[in-house]
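Notes for the one structure printed next.
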Amino acid sequence: MEIPFTKMHGCGNDFIFIDCLKNDIPDLGAIAGRLCDRRFGIGADQLLTVHPSTSADFKMEIYNADGSQVEMCGNGIRCFAKYVYEHGLTQNKKLEVETLAGIIRPRLVGDLVEVDMGEPILEGRKIPVDADGQIVNRPLIVEGWTYSVTCVSMGNPHCVLYLDDIDALDLEKIGPLFEHHAFFPKRVNTEFIKVLSPNEVNMRVWERGAGETWACGTGASAVAVAGVLGDKTERKLTVHVKGGDLFIEWRDNNRVYMTGAAEEVFQGTVKVS
């Protein structure tokens, strides 16, 4: 079976898109594992699929490079909005998209996409982590080292920590130690942050099931919230990631808004068995 696909990226966080509006494709997790492989497949961080929805304009499913399905992806939802609009699946520039994290509302603004990421989840058990209450500047022992972490869910779990030097980090080694730590029952995405000013940070991110990625929209959103909670940054934050910049605002209505780019790379067809 040959399947049409589109390759897109948001600040270097790259995705394969498949339209499942008319044809249901079985075993998408296994397909994601093959297609996302950077040597033997198309190469991407995640596979994103477009489905009909009974509660929104569309439904988005997200499959990591290891085949696991996850709740939300901030860079992915921006690319999703561009994909359905530019491929003629909708004429609306403001959308409602069903995800496992609930209804997400992206809006095309010129060449950029703004996304209402919703309200952050701060209660430990709901993030989830293995503790009650807010997890702000909490000591966490990882392989004998103690880190001060703040945990936030933006529909998926995030662990944020602040370091003086993030460029020298061996993320291939330290990332999995956080991802699979017993404190995180559903694994975790981990953001390593260097504060440049109250309105500007550098970020590296290790995403569960995907490894180090060049950007993470939910992660950048979680970083903005964590910075306010920990008295490190203000409510408007520019987050510099490997692939570009994300602009985050945690507004007074308790909702987080993310704005950034979304670009199509190429289209093609791929054969799957």
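Numbers at a glance
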{"quantity": "Matching residues in region 136-151 - criterion: being surrounded by 10 or more Cβ atoms within 10 Å (Cβ to Cβ) and in contact with a Pro (Cβ under 9 Å, 6 or more places away or on another chain)", "calculated": "Tyr147, Ser148, Val149, Cys151"}
{"quantity": "Answer from Glu143, Glu98 - the residue that is closer than 23 Å to Ala210 by Cα, assigned by TED's automatic domain parsing to the domain that holds Ser68 and out of contact with any His (no Cβ under 7 Å at 6 or more places or on another chain)", "calculated": "Glu98"}
{"quantity": "Qualifying residue in region 180-189 (condition: farther than 27 Å from Gly144 by Cβ and of a type outside the set (Ser, Thr, Tyr))", "calculated": "no"}
{"quantity": "Within region 1-55, tally of residues that are free of Cβ contacts under 8 Å to residues at least 12 places away in the same chain and hydrophobic (A, V, I, L, M, F, W, C)", "calculated": "1"}
{"quantity": "Residue identified as within 16 Å of the chain's Cα centre (by Cα), over 17 Å from Arg107 (Cα atoms) and modelled with pLDDT of 95 or more among Val239, Val256", "calculated": "Val239"}
{"quantity": "Enumerated strands (runs of 3 or more DSSP E) restricted to region 1-81, each holding at least 2 residues that are more than 28 Å from Tyr257 (Cβ to Cβ) and touching a Gly at 6+ places or on another chain (Cβ under 9 Å)", "calculated": "2-10"}
{"quantity": "Long-range neighbours under 9 Å by Cβ, at least six apart or interchain, first residue in the same structural domain as Thr190 (by TED's automatic domain parsing) within region 58-76, second buried (at least 18 other Cβ atoms within 10 Å of the Cβ) and not in a strand (DSSP E or B)", "calculated": "none"}
{"quantity": "Check on Ala101, small (Gly, Ala, Ser), within 18 Å of Val188 (Cβ to Cβ) and under 19 Å from the mean Cα position of the chain (by Cα)", "calculated": "yes"}
{"quantity": "Check on Glu200, farther than 19 Å from Leu171 by Cα and touching a Ser or Thr at 6+ places or on another chain (Cβ under 7 Å)", "calculated": "yes"}
{"quantity": "In region 56-88, residue surrounded by the most Cβ atoms within 10 Å (Cβ to Cβ) [restricted to those that are within 22 Å of Gly33 (Cα to Cα) and among the aromatic types (Phe, Trp, Tyr)]", "calculated": "Phe80"}
{"quantity": "Where Pro185 falls short, out of the listed (1) in contact (Cβ under 8 Å) with a residue 12 or more places away in the chain; (2) within 19 Å of Asp45 (Cβ to Cβ)", "calculated": "(2)"}
{"quantity": "Filter result for the condition that a residue is modelled with pLDDT of 95 or more, surrounded by fewer than 21 Cβ atoms within 10 Å (Cβ to Cβ) and not hydrophobic (A, V, I, L, M, F, W, C), over Asp24, Asp19", "calculated": "Asp19"}
{"quantity": "Failed item in (1) surrounded by 14 or more Cβ atoms within 10 Å (Cβ to Cβ); (2) not in a helix (DSSP H, G or I), with Asp167 passing the rest", "calculated": "(1)"}
{"quantity": "Count of region 36-88 residues which are over 20 Å from Met154 (Cβ atoms), of a type in the set (Asp, Glu) and touching an Asp or Glu at 6+ places or on another chain (Cβ under 6 Å)", "calculated": "1"}
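Results for (1) among the charged types (D, E, K, R); (2) touching a residue at least 24 places away in the same chain (Cβ under 8 Å); (3) within 15 Å of Gly227 (Cα to Cα), shown as yes or no for each residue.
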{"site": "Pro120", "(1), (2), (3)": "no, yes, yes"}
{"site": "Gly144", "(1), (2), (3)": "no, no, no"}
{"site": "His158", "(1), (2), (3)": "no, yes, yes"}
{"site": "Asp165", "(1), (2), (3)": "yes, yes, no"}
{"site": "Asp170", "(1), (2), (3)": "yes, no, no"}
{"site": "Pro176", "(1), (2), (3)": "no, yes, no"}
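The values are calculated or read from the model by the stated rules, or taken from the named source; none is laboratory data. Being a predicted model, the structure only gives us computed values, none of them experimental. We place every Cβ from the backbone using ideal geometry, glycine too, and count neighbours over all the protein chains shown.
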